[in-house]
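Here is the structure we will look at.
None of the figures in this text is laboratory data; all of them are computed from the coordinates on show. What you see is a predicted model, and the numbers here were worked out from it, not measured in a lab. Methodologically, a virtual Cβ is constructed for each residue, glycine included, from the backbone with ideal geometry; neighbour enumeration extends over all protein chains shown.
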Amino acid sequence: MRGWMMISVAMALAVSPLGAQETRVAPEDHTPPPATLEQMDWLVGQWVGTGIGGAPAMESWLPPSGGTMVGSFVQQTGEGAIRFTEHLYLMEEEGTLVLRLKHFNADLTGWEEKDGMLTFRLIAMEDCAAYFRSLTLRCADPERPGDGLVAAVRMREGNELLFNFRAM
């Protein structure tokens, strides 16, 4: 738990106040729109860019397999060491999409409980963009989907972490 709290504090300090919001929220009783993994084909690939505090970050997504896209995320320190990682599952569920993830410290200890994970339910789907509750994945330029990826996550405090990636 100590590592999680240190990372949480570091994240909060690294985030600037909300400007143009990337993430969306919806009421708990919101009905997610219909969506399939086919609509997320633009996400497949390896992405590199900047993350927390401008430090290097990487994200990778595999093609769908059995109704799930598997992804991984690495946030580095400014010196290039691993700060933390995430293991992500983007899944079709009940006619829509849901994104689940688990965080790991650099020593592979988990942030969430053994069987716990964070779950992000779909709020809206657009061309080259998926808006989950408090998490956004979208093309940096919808006219050129393979060139760049923007990922954003809303923290409990209301601040957003913004990650800008380019194709590797």
Find all pairs meeting these conditions: Cβ atoms under 8 angstrom apart; at least six residues apart or on different chains; first residue within segment 77-97 and part of a loop (DSSP other than H, G, I, E, B); second residue surrounded by fewer than 17 Cβ atoms within 10 Å (Cβ to Cβ) and among the small types (Gly, Ala, Ser).
77/55; 78/53; 78/54; 78/55; 81/106
Kindly list, by first and then second residue, each pair from a residue in segment 135-148 that is surrounded by fewer than 19 Cβ atoms within 10 Å (Cβ to Cβ) to a residue that is polar (S, T, N, Q), limited to pairs with Cβ atoms under 9 Å and residues at least 6 apart or on different chains.
140/164; 148/164
Hits in segment 98-122 - residues which are part of a loop (DSSP other than H, G, I, E, B), of a type outside the set (D, E, K, R) and within 27 Å of residue 80 (Cβ to Cβ)
106, 108, 109, 111
Name the single residue that is surrounded by the fewest Cβ atoms within 10 Å (Cβ to Cβ) among those in segment 93-130 being closer than 15 Å to residue 71 by Cβ and touching a Ser or Thr at 6+ places or on another chain (Cβ under 7 Å).
100
Residue by residue through segment 41-65, note down the ones that are touching a strand residue (DSSP E or B) at 6+ places or on another chain (Cβ under 8 Å) and either of a type in the set (Gly, Ala, Ser) or in a helix (DSSP H, G or I) (or both).
42, 43, 45, 49, 51, 52, 55, 57, 60
Residue 75 being among the polar types (S, T, N, Q) and surrounded by fewer than 19 Cβ atoms within 10 Å (Cβ to Cβ):
no
